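Enquirer: First, the structure itself, so that you have it in front of you.
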Amino acid sequence: MSGWLPAGAASNEAAILRIDATRESANQDSRARVLVFHYTAEDFETSLKLLTEPRYRTSAHYLIPDAGTLARDPSALRLVAEERRAWHAGVSHWRGERYLNDNSIGIEIVNRGYPSPEQDDWPLTRRQWRDFDDAQIRLAGWLAADIVERHGIAPDNVVGHADIAPGRKADPGPRFPWERLYREFGVGAWPDGDDVRRLLAAQPRAADPVSWQRRLSAYGYDAPLTGNWDGKTRDAIATFQMHFRQSRFDGEPDAESSAILDALLLKYRGADIDEGEGGGA
């Protein structure tokens, strides 16, 4: 007997479901196309409670504990199977897609972000950001390298929660070592220094909001083409800077940030930026 019979069907046998998996189609890929890093903003025990108990309605696929916990047990915690949808991204956008819970894997790292909730209302540049521990970054790097290889996740689809929700979220913050992940673990995107230096010399004197919005959107950010220096555009610039230019993340459209953006577009989008097309200041 093959197939299955619903309960109550006329049969002398129990309902049976049989699946033959000996042949597999080559026409497939992973549903996971984006890898998102977060910090928890809480200690380990509170983070674990928030990410697992039903009343909090939030989750992530993996949790990287704090340094003290890792010293006792150097393991990442898998809280949600990768083939299942975790509730970590919320209202989000990246490269034209929204609500990224459906196509992403989330890694939470225990880190307070900044010490006091009172700093929520402070400018990003005035918050007292916490460093990540070396053991956390090594474990996160190994885990992420394994995930991106197995799922074929593109380097420019390795992002932070802030990248997919500018102005709403700030994690993993300006102390997260994106360049280290790129150089040491081969994870994520990073501009080539020679391209940045060459493109920096070509930046125009005056910053153009249309150019910034167009290029931020081309890379993946949610930056509607309004032609104005509106809050959403400045949030996207600040978030971009927290990721790629951590020495300055005030949301001001400076020439170096513009050159970095041009270099990323050149490397990952194949978009050669002609002289005069940048948006620096």
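The values are calculated or read from the model by the stated rules, or taken from the named source; none is laboratory data. Worth saying up front: this structure is predicted, and the values here are computed from it rather than measured. Don't worry about glycine lacking a Cβ; one is built from the backbone with ideal geometry, like all the others, and counts go over all protein chains shown. Each accessible area value is taken on the protein alone, full model and side chains, heavy atoms only, with ligands, DNA and RNA left out. Shrake-Rupley method; radii C 1.70, N 1.55, O 1.52, S 1.80 Å.
Enquirer: Can you name the residue in region 65-95 that is touching a helix residue (DSSP H, G or I) at 6+ places or on another chain (Cβ under 6 Å) and in a helix (DSSP H, G or I) and, of all such residues, is surrounded by the fewest Cβ atoms within 10 Å (Cβ to Cβ)?
Expert: A67
Enquirer: So which residues in region 178-225 are under 18 Å from E252 (Cα atoms), assigned to a loop (DSSP other than H, G, I, E, B) and not hydrophobic (A, V, I, L, M, F, W, C), if there are any at all?
Expert: Within region 178-225, Q203, P204, R205, D208, Y221, D222, P224 meet the criteria.
Enquirer: Sticking with this structure for a sec: Here is a list: L35, L17, L48. Which entry is over 19 Å from the mean Cα position of the chain (by Cα) and either β-branched (V, I, T) or not in a loop (DSSP other than H, G, I, E, B) (or both)?
Expert: L48
Enquirer: Yes or no: V159 among the β-branched types (V, I, T) and open to solvent by less than 10 Å² (accessible area, probe 1.4 Å)?
Expert: Yes.
Enquirer: Whether any residue in region 200-220 is under 15 Å from W142 (Cα atoms) and surrounded by fewer than 18 Cβ atoms within 10 Å (Cβ to Cβ) is what I want to check.
Expert: There is no residue in region 200-220 that is under 15 Å from W142 (Cα atoms) and surrounded by fewer than 18 Cβ atoms within 10 Å (Cβ to Cβ).
Enquirer: What are the residue pairs meeting all of these: first residue in region 184-200, first residue within 12 Å of P155 (Cα to Cα) and modelled with pLDDT of 95 or more, second residue β-branched (V, I, T) and open to solvent by less than 30 Å² (accessible area, probe 1.4 Å), Cβ atoms under 7 Å, and 6 or more apart or on different chains?
Expert: Pairs found: V187/V148; V187/V158; G188/V158; A189/V158; P191/I260.
Enquirer: Take region 176-190 and flag every residue that is on the phi < 0 side of the Ramachandran plot and either of a type in the set (S, T, Y) or open to solvent by 10 Å² or more (accessible area, probe 1.4 Å) (or both).
Expert: Those that are on the phi < 0 side of the Ramachandran plot and either of a type in the set (S, T, Y) or open to solvent by 10 Å² or more (accessible area, probe 1.4 Å) (or both): P177, W178, E179, R180, Y182, R183, E184, F185, W190.
Enquirer: Are any of the residues in region 134-155 open to solvent by 20 Å² or more (accessible area, probe 1.4 Å) and within 27 Å of K232 (Cβ to Cβ)?
Expert: yes
Enquirer: Can I ask one more? Scan region 148-168 and report the pairs whose first residue is within 10 Å of L100 (Cβ to Cβ) and whose second residue is of a type in the set (A, V, I, L, M) and open to solvent by 10 Å² or more (accessible area, probe 1.4 Å), with Cβ atoms within less than 7 Å and a gap of 6+ or a chain change.
Expert: That search, which allows pairs on different chains as well, returns A165/V91.
Enquirer: OK, next. Regarding region 96-113, can at least one residue be identified that is of a type in the set (A, V, I, L, M, F, W, C), over 13 Å from the mean Cα position of the chain (by Cα), part of a strand (DSSP E or B) and over 26 Å from L264 (Cα atoms)?
Expert: no
Enquirer: For A259, indicate whether it is in contact with a Ser or Thr (Cβ under 7 Å, 6 or more places away or on another chain), more than 30 Å from D146 (Cα to Cα) and hydrophobic (A, V, I, L, M, F, W, C).
Expert: no
Enquirer: Give the residue, chosen from R245, R234, that is more than 16 Å from A189 (Cβ to Cβ) and surrounded by fewer than 22 Cβ atoms within 10 Å (Cβ to Cβ).
Expert: The match here is R234.
Enquirer: Does S59 fit the bill of being in a loop (DSSP other than H, G, I, E, B) and among the hydroxyl-bearing types (S, T, Y)?
Expert: yes
Enquirer: Failed condition for G173, given (1) open to solvent by 20 Å² or more (accessible area, probe 1.4 Å); (2) under 22 Å from G160 (Cβ atoms); (3) out of contact with any Lys or Arg (no Cβ under 7 Å at 6 or more places or on another chain); (4) not β-branched (V, I, T), with all others met?
Expert: Failing condition for G173: (1).
Enquirer: Further question: Can you name the number of the only condition in (1) assigned to a helix (DSSP H, G or I); (2) open to solvent by 10 Å² or more (accessible area, probe 1.4 Å) that N228 fails?
Expert: Only one criterion is unmet by N228, namely (1).
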